[in-house]
Amino acid sequence: MPVSAGPVSAVLVRPLARTLPWRMIAAAGTLGLLLAATPRLAGEGANAWLAVTSLRASAVAFALGAAFLLDDPARNTTAAVPTRRVVRHGLRLALMAPVAALWWTGALLLVPRELRPPAAGITVEAAAVLVLALTGAAFAIHRGDGARPGQAVAGFLLASAVLGPLLSPGSWALFVTPDDPRWAAAHDRWALLLCAVLAAGALCAAEPVRRFRLRRLMSPSGTSDPSRA
Amino acid sequence: MTTTLDTPAVVAARPRASWAAVFALARFEARRLLLRMPVLVAFAVYLAWIVWRTRDSFGGFPALQDADRATQGGPLLVGLAVLLSANHAVLRSGRYGTDRHFAVLVLQPWRRTVAHLLSVVPVTLLATVCVAGQFTWEALKPGAVGHGSPAELLVGPLSVLLLGAFGVLLARLLAAPLAAPLLIVFLLLFSVFTSGFGGQGWSRWLMPVVGEGSSHTLPSDLLGRPAAWHALYLAGLALSAALLAVLLSGGARLRTVQAGVAGAVALTLVGAVGQSRDVPQETSEARTRVSVAPEKVQHCDERDGTTYCAFPEWTPRTGDWAEVVDGVRSLAGPGAQDRPLVVRQRVDARYGLDSDPLLAPSARPGEVTVGTAWGGNRIPEFATAVAGVLVTGKEEAVSGICDGRMVTVMWLALADLPDPMAGLRSVRLDDSDTGSAIVVSQTEPLRMSAAHTELVRELLQRPRNETAAQVRSNWAELTAPDVTTDRVAQMLGLDVPEPDEEEDECL
Amino acid sequence: MTPTVSASGLSLHYGGTRALDDVSLRLSGGVTGLLGPNGAGKTTLLRVLATAVPADRGAFTVLGHDPGTSRGRQEVRRHLGYLPQTPGFHPDFTAFEFVDYVAILKELTDRTARHREVRRVLDEVGLADVRGKRIKKLSGGMRQRVALAAALVGDPEFVVLDEPTVGLDPEQRMRFRELVAQAGEGRTVLLSTHQTEDVAMLCNRVVVLADGTVRFDGTPGELTAQAAGRVWSSEERDPGAKAGWRTGAGTFRNVGDPPAGAELLEPTLEDGYLLTLDGAGAEVTA
């Protein structure tokens, strides 16, 4: 007896907001702001390299908190509700997005103006890291890896953050300072990375109607008609 | 179902059984820890790094007092992975709600903490094996000299132990899975910050791995690094973190744990104080002695008319120097072929590892300076110095060459190398083989004009013996001060280069 | 009568394990019990039928909708209540808030009507007194009832309950049976359980699953009849029995192929279940 009076998302906002891991995000955000404030705290010794490095560390810290965004202890209880996963995940994202934007603005403003890297470039980097965290979480849920993938995703994100600068090919120049002539080209690559990860995240947002198996492609006995998908 | 009236308390009262359980749990946790994804990835990357780096590190001629410090950075990666995984292992029971079951088990929480701490030990041992492997590889290279320090080698494994113990402690302080990743980000930025900025004095020794600003090699007894104190400090810190974790998980009632924490903190303080003292007086004096009057500590060896004076740790390397000297000498003209030469090893150790001071050229006739490093670019640089002394007679005079003699010097230096053109590029600061450039040397740099470069390149492309004969027959004029580059070209049968504004211009 | 659920050839593999193998089922009105040993594929079958996980092969319809399409699954879920084996909660929510949250996810957006419905199901499962209490303060049995309320909210036509009586004390279990029986009036309820008494008391239909395949499909009476003439009593445990145990009266109750002249006993549903499994080669332990 569905009793509907308006879109689900409007009514869902309030209870869903309570299920978000705000404490995690707050802890990560606080540490992130502290990291972003390093150049200011360092005073005389600070330079542009320190500023851009602290902003990068700050973005990683916030993304580590955001990796827990899709954790939902009640996931299996609500496994078979008609409200689509894309709506539920989308609402969580929509609730966090303004917080993230506000937080990032604060982090940028904490860096002294003369040391601050170009905002557009560094923002693309931060967005790519954040989207990587969220896509990781969406992918883990898509694969059916439990109700709370946050911890594993945070580990993956941390490993990427540590190993990325060590292992990424030098020619990509992803981790350059603003005075480097490759800054602009590097941020074209960051933007590309952001789009790729976003696309992967979008693919993971939908709930699969059928399991993808090689055998299905080879045998005609799959009775679900693929043309209806 | 029947119930027996044997109370479990009987089992708990047998301490030996409890400790056996602790070790069994430690083995179980150690296996899980070793197979955790972050630890596996960290070890894979670490091993790949060891192989990639050690294949051609130090140009194939490592000084073991440098090679020991080169083992310290890699284990940090493993340490961070262990911090994360050990932290999650302790939090696992809370995460899956099994802590309610565990709370009533015989094994008390503090013993479980001990088991988690012990589970870090096998990973540390594995890291130790990796460090030992990397160092042994360096030590087995035929060109290896010097002495490694066990205390420096211990820093890597101790860092793994410290970070692992810290992961367990953190889990007992904050039962949040996010704490460890955030701490790692913080530690990374903090280490970047301290290594780049607050870098001087005692505070830099508080970090697990302490790098040096300079890359030059000193005799092992002049390093002045408080390596043993630092190892003690790290061990004390790891022990303090471990015992504090035990204390926090209910071991506070135990006298031994209280005493242990006090002891470990004392050990840490002793290490911290020990490592923050200045370089000892006798080391400073020895540094000055070695820098100012190296002949007092050197051992000299004569071979084919050349005397090789090396610091004690470097005497095995005189053979490598002799090969270069003989090669250059064989191409030189009459008189120079059997001019007595002294190859003297020199180092400016007065500032320790704080800076890379440039050595002044030797003022004694027939004396060539060789540094403490060898392999790679050092070989053509040394050959250039030898050729310069053979041509001018004195090292001091070499850097002043701006006339046609530069062509002879460079040809002599490079012609006997396996790949002379590569040698030419490697001694030039900008790695070029055309145009004018600075030539790097162990003492003061030389300068090649575009014309010099062109002539040297042409000579190197001609058959060596033909040029050698021409050089020998024109030796006196080729090595005369103020000989013009045009004249040198004529004597060696080359086209006179295009006139150049800076030609033979001695600045 | 059109069946509520009609499934044919459902198969699902996890890695190399075959969890479901060619399962075909038709369910309509009333309570159907799903019996089977651990690892038989009960939970997997329920998850597939509740659209929580897609099957590898096979097709099924619920109330005429095909969950193999996105739109069809949506329609099915509008008429579905699902209680998973280990339900998760937001521990900071009160019982009312949590069921209300699930009701919103079930697209009950009109506030007044929804709150009335949430109060109704909470009353129905006997949680009226504690609906303002946070879930983390509730006992295990109460939490299980919160989860049942979440499954029943919105008055679904097809209810899937995965071992709903686990962890309940005998009194709670009786109360639960009442609830499920009530729920089965005018609805289709499919519940999995280890308790043959639950099936005997509640279900008008029973399906036995073992190794991912259906071993029996019929009424509880028919399952009991499987054991007719195959249960006997003896002074010692009969070595020829498939299973035998000493009863409170001191004699042995044996199940299997009785020797000639044995004193036959009245079979129970459990005897029928054991013999069904045994015929299928499953391990029988008493």
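Among the residues of segment B:287-345, those identified as in a helix (DSSP H, G or I), in contact with a Lys or Arg (Cβ under 7 Å, 6 or more places away or on another chain) and not polar (S, T, N, Q) are B:Arg287, B:Arg289, B:Pro294, B:Lys296, B:Ala322.
For segment B:163-177, filtering for residues that are crowded, with 24+ Cβ neighbours inside 10 Å, under 17 Å from B:Leu247 (Cβ atoms) and of a type in the set (A, V, I, L, M, F, W, C) leaves 5.
Please go through segment B:365-382 and pick out each residue that is of a type in the set (A, V, I, L, M, F, W, C), part of a helix (DSSP H, G or I) and surrounded by fewer than 24 Cβ atoms within 10 Å (Cβ to Cβ). Within segment B:365-382, B:Ile379 is the sole residue that qualifies.
Scan segment C:28-46 for residues that are assigned to a strand (DSSP E or B) and surrounded by 22 or more Cβ atoms within 10 Å (Cβ to Cβ) and jot them down.
Hits for segment C:28-46 are C:Val31, C:Thr32, C:Gly33, C:Leu34, C:Leu35.
Say whether the condition of being β-branched (Val, Ile, Thr) and under 15 Å from the mean Cα position of the chain (by Cα) is met by at least one residue in segment A:51-58. Scanning segment A:51-58, I find no residue that is β-branched (Val, Ile, Thr) and under 15 Å from the mean Cα position of the chain (by Cα), so the answer is no. Taking the criterion of being charged (D, E, K, R), away from chain A (no Cβ under 13 Å) and in contact (Cβ under 8 Å) with a residue 40 or more places away in the chain, the only residue of segment C:22-46 that qualifies is C:Lys42.
For segment A:66-74, the count of residues that are facing another protein chain (nearest Cβ under 7 Å), of a type in the set (Gly, Ala, Ser) and more than 30 Å from C:Glu75 (Cα to Cα) is zero. Sub-7 Å Cβ pairs linking a first residue in segment B:175-194 that is facing another protein chain (nearest Cβ under 7 Å) to a second residue that is assigned to a helix (DSSP H, G or I) and polar (S, T, N, Q), at least 6 apart or interchain, are B:Pro177/A:Gln151; B:Leu189/A:Thr38; B:Leu189/A:Thr53; B:Leu189/A:Ser54; B:Val192/A:Thr53; B:Phe193/A:Thr38, ordered by first then second residue. Identify, please: which residue in segment C:47-75 is crowded, with 24+ Cβ neighbours inside 10 Å and outside any loop (DSSP other than H, G, I, E, B) and is, among those, nearest to the other protein chains (Cβ to nearest Cβ)? So, considering only residues that are crowded, with 24+ Cβ neighbours inside 10 Å and outside any loop (DSSP other than H, G, I, E, B), the one nearest to the other protein chains (Cβ to nearest Cβ) is C:Arg47.
In segment A:9-45, which residue that is more than 9 Å from chain B (Cβ to nearest Cβ) and among the β-branched types (Val, Ile, Thr) is farthest from A:Ala94 (Cα to Cα)? In this case the residue turns out to be A:Thr30.
Of all residues in segment A:80-130, those that are buried (at least 21 other Cβ atoms within 10 Å of the Cβ) and touching a strand residue (DSSP E or B) at 6+ places or on another chain (Cβ under 9 Å) total 2. Inside segment C:1-27, can you point out the residues that are outside any strand (DSSP E or B) and among the polar types (S, T, N, Q)? Once the filter is applied, which keeps residues that are outside any strand (DSSP E or B) and among the polar types (S, T, N, Q), segment C:1-27 yields C:Thr2, C:Thr4.
For B:Arg472, the conditions (1) surrounded by 20 or more Cβ atoms within 10 Å (Cβ to Cβ); (2) within 18 Å of B:Gly333 (Cβ to Cβ); (3) of a type in the set (D, E, K, R) all hold with the exception of (1). In segment A:58-79, the qualifying residues are those that are modelled with pLDDT under 95 and more than 17 Å from A:Arg23 (Cβ to Cβ), and the one that is surrounded by the most Cβ atoms within 10 Å (Cβ to Cβ) is A:Thr77.
Applying the set (1) assigned by TED's automatic domain parsing to the domain that holds B:Gly371; (2) within 30 Å of B:Gly236 (Cβ to Cβ); (3) loosely packed, with under 12 Cβ neighbours inside 10 Å to B:Asp304 leaves exactly one unmet item: (2).
On the stretch given as segment B:321-351, residues that are within 30 Å of the chain's Cα centre (by Cα) and buried (at least 18 other Cβ atoms within 10 Å of the Cβ) total 11. Condition check for C:Gly88 on (1) more than 7 Å from chain A (Cβ to nearest Cβ); (2) in a loop (DSSP other than H, G, I, E, B): one failure, at (1). Applying the condition of being of a type in the set (Phe, Trp, Tyr), assigned to a helix (DSSP H, G or I) and in contact (Cβ under 8 Å) with a residue 12 or more places away in the chain to segment B:44-71 and asking which residue is nearest to the other protein chains (Cβ to nearest Cβ) yields B:Trp49.
In this structure, does A:Ala138 turn out to be crowded, with 23+ Cβ neighbours inside 10 Å, more than 14 Å from every other protein chain (Cβ to nearest Cβ) and at pLDDT below 95? Yes.
Residues that are within 23 Å of B:Thr306 (Cα to Cα) number at least 2 in the following helices (runs of 4 or more DSSP H) confined to segment B:390-482: B:395-398, B:405-415, B:464-473, B:475-478. Scanning segment A:46-57 for residues that are modelled with pLDDT of 90 or more and more than 8 Å from every other protein chain (Cβ to nearest Cβ) gives A:Ala51, A:Val52, A:Leu55, A:Arg56.
Is it true that some residue in segment A:77-100 is charged (D, E, K, R) and at the interface with another protein chain (Cβ under 8 Å from one of its Cβ atoms)?
Initial filter on segment A:77-100 (charged (D, E, K, R)): A:84-85, A:88, A:92.
Now restrict to residues that are at the interface with another protein chain (Cβ under 8 Å from one of its Cβ atoms): A:84, A:88.
So far as segment A:77-100 goes, yes, one or more of its residues are charged (D, E, K, R) and at the interface with another protein chain (Cβ under 8 Å from one of its Cβ atoms).
Within segment C:103-110, not a single residue is modelled with pLDDT of 90 or more, among the acidic types (Asp, Glu), surrounded by 15 or more Cβ atoms within 10 Å (Cβ to Cβ) and in a helix (DSSP H, G or I).
Screening the candidates B:Asp500, B:Asp495, B:Asp504 for the property of being loosely packed, with under 13 Cβ neighbours inside 10 Å and modelled with pLDDT under 85 yields one hit, B:Asp495.
Looking only at residues of segment B:198-254 that are among the basic types (Lys, Arg) and assigned to a helix (DSSP H, G or I), we find that the one that is surrounded by the most Cβ atoms within 10 Å (Cβ to Cβ) is B:Arg204.
The values are calculated or read from the model by the stated rules, or taken from the named source; none is laboratory data. Because the structure is predicted, anything quoted here is derived from the model rather than measured. Backbone-built Cβ (ideal geometry, glycine too); neighbour counts: all protein chains shown.
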